Amino acid sequence: MLGQKSIYAKEAFEGNFIGAGWLEDIDFTHKFPDNWREFNKKYIPIYIEENPDKTKVAAGLACGMLYTITKGILVGDIVLCPDGKGNYLVGEVIGEYEYFKGANLPHRRKVRWYQDTLSRDEISESLKNSAGSIGTLSNISKYGAEIEALISGNRPASIISTDETIEDPSLFALEKHLEDFLVQNWHHTELGQHYDIYSEDGEIVGQQYPSDTGPIDILAISKDKKEILVVELKKGRVSDVVVGQIQRYMGYVKDELAEENQTVKGVIIGFEDDVKIHRALSVAPNIDFYTYKIHFKLEKK
């Protein structure tokens, strides 16, 4: 996302770059560590010092995305950027990090933009949800085959899974939509009575929150601010994979995001009851398991 609501999309397209604006007065040339965790450790305190009203969650998100944009994205990678008009600019990254002091989005990478844009109407619903997530940066590498097909003018199959941890590809697709539905209707759920999804400046940042072991489906905080909640949807995956994943996410939150007075809790949400998950969670009292029901009704008019 090139600025809030794509405000700098036109400038970036005409100037052939993508960029970020956090910590705008620091030139990171020759200052990048090998991984974003070291980067976060060094620059999160600086970010919080410059933005004392921000939480560790906001600081971690900003610094993590800044590192990804400036260092993590590689030369030759393809980027999609909303143009603010319902389309996506598509380009290939062709340059390493450059700093432009005083400019909009001063931390930049050179891009060779493609002539044609992609319309939101052309892409699959799952890619649309991921690419349209609120926030500056979203990793859509798993949709690489679809994007390449769209760039070449072909429309790919709607549901494909090559991930061996996914037992049911159709359920995986369904529960990706469930994630978006859950976020949009959070306040009407049982969890929404006690927790709020993390947001900054009125925008939700707790959906697909990045961690060093993958994105967290939903990151929320209790209304009294004393407990951070990690929510993971099963998404048709093997039970042991889901349990291990949420425990890794919770460990990351405990070590990197939680304040001294905050505890961490987890919730797994699946389509049907699962004895394997119950067995695993019987020795993990800080993780709950929920199932969901879908009600579908036709009404003749």
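Taken together, the values in this text are just the output of simple stated rules run on the coordinates, not laboratory data. Just so it is clear, the structure is predicted and the values come from calculations on it, not from any experiment. Reconstructed Cβ throughout: ideal geometry from the backbone, glycine too, with neighbour counts over all protein chains shown.
Values as computed for the structure displayed
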read-out: Among 91, 214, 19: highest mean-square fluctuation, GNM of the chain, C-alpha pairs under 10 Å; value: 214
read-out: Base-10 log of normalised Debye intensity for the range 169-291 (one unit scatterer per alpha-carbon) at q = 0.17, 0.23 Å⁻¹; value: -0.85, -1.59
read-out: Pairwise FRET efficiency - residue 151 versus residue 292, Cβ, R0 = 45 Å, nearest 0.05; value: 0.80
read-out: For the range 223-286: Kirkwood Rh in Å [reciprocal of mean 1/r, alpha carbons]; value: 12.5 Å
read-out: Cα gyration tensor category, rounded, prolate or oblate, for the range 1-71 with a/c compared to 1.5; value: oblate
read-out: Reachable lysines from residue 101, criterion Cα separation under 27 angstrom, eight or more residues apart if same chain; value: 5, 10, 31, 41, 42, 54, 56, 71, 110
read-out: Non-local Lys pairs in the range 169-291, i.e. 8 or more apart or on different chains, that have alpha carbons under 25 Å apart; value: 18
read-out: Trypsin sites (Lys or Arg not before Pro) restricted to the range 77-156 and DSSP loop, no more than 16 other C-beta within 10 Å; value: 85, 101
read-out: Cα-only Debye scattering, the range 1-120: base-10 log of I(q)/I(0) at q = 0.16 Å⁻¹; value: -0.76
read-out: DSSP bridge pairs, the chain: antiparallel proportion in percent, nearest 5; value: 70 percent
read-out: Residue 92/residue 185 FRET efficiency (R0 35 Å; Cβ-Cβ; nearest 0.05); value: 0.40
read-out: For residue 200, residues with placed amide H under 5 Å, excluding near neighbours; value: 205
